[in-house]
Amino acid sequence: MSRSINASLLAVVLAVPLAVAAPAEAGAIPKGARKATVVKIVDGDTIDVRFTRTGSTVRVRLLQVDAPERGTCWFTAATRRTAALLPIGKTTYLLADKEPKDRYGRSRFYAWNTGGVFVNRNLVRYGYGKAVLYKPNDRYIAVMRAEQAKAKKERLRIWSGRCDTTNTPAPNPTSTPTSTPDPPSGGNDPRFPTCAAANAAGYGPYRRGTDPEYTWYQDRDGDGVVCER
């Protein structure tokens, strides 16, 4: 009897880690986030997803970030950034706040990608959108405003005082982007062969001691900043 009990206990112990382990690709995804597949990039702050459990497709308005509208400066750059962070056909993890819908019927969510990158925050941090409070959804507004302050101080993109002059069209929202390198571990941005290539794709600058991407490029003038735009 004792040997039988010990065997049963061992089976339970071995089974527990398998039952509670988070998905390997989830990274720092918060508890309660819903798993979905990205099916379309509408613009910098709006995407379409298909939920894994229900199979339903919904339009998602990313919370607490307002990206440039079509026809305005930095629209293409913001849309490309969201497409790079949330590739078509890949998994995203969505977390709701207090009010699930906006006045247009779109679902409101915070989004993380498979690498654990908080997409809403990333867009604000690098100047692809403004931090906006959509009451009563205020879970991360303090973080968003702090990231916006950094982007404004560094005069990144929408805070640069100029309009981007790129003629590169926004990605086809119904197809998967193929030209953006996969982001390596250690930084949120894709890694490019040169700063010029990074700038051309809308990335940079990176600061020593602040951005992990800084170590990927050569700081020729030793000023602690690489890939200045």
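The residues of region 30-51 that are within 14 Å of residue 114 (Cα to Cα) and either at pLDDT below 95 or not in a strand (DSSP E or B) (or both), listed by number, are 30, 33. Within region 98-108, if we keep just the residues that are without any contact (Cβ under 8 Å) to a residue 60 or more places away in the chain and among the charged types (D, E, K, R), the residue that is surrounded by the most Cβ atoms within 10 Å (Cβ to Cβ) turns out to be 108. Scanning region 74-92 for residues that are of a type in the set (Ser, Thr, Tyr) and open to solvent by less than 10 Å² (accessible area, probe 1.4 Å), we see that the one that is nearest to the chain's Cα centre (by Cα) is 82. Of all residues in region 109-125, none satisfies being open to solvent by less than 50 Å² (accessible area, probe 1.4 Å), farther than 24 Å from residue 207 by Cα and more than 14 Å from the chain's Cα centre (by Cα). Filtering region 129-146 to residues that are open to solvent by 70 Å² or more (accessible area, probe 1.4 Å) and modelled with pLDDT under 95 leaves only 135. Restricting attention to region 170-220, which residues are modelled with pLDDT under 75 and surrounded by fewer than 12 Cβ atoms within 10 Å (Cβ to Cβ)? Answer for region 170-220, where residues must be modelled with pLDDT under 75 and surrounded by fewer than 12 Cβ atoms within 10 Å (Cβ to Cβ): 174, 178, 179, 182, 185, 186.
The values are calculated or read from the model by the stated rules, or taken from the named source; none is laboratory data. The shown structure was predicted, so the numbers you read here are calculated from the model rather than taken from an experiment. Counting neighbours? That spans all protein chains shown, and the Cβs are built from the backbone with ideal geometry, glycine included. Each accessible area value is taken on the protein alone, full model and side chains, heavy atoms only, with ligands, DNA and RNA left out. Shrake-Rupley method; radii C 1.70, N 1.55, O 1.52, S 1.80 Å.
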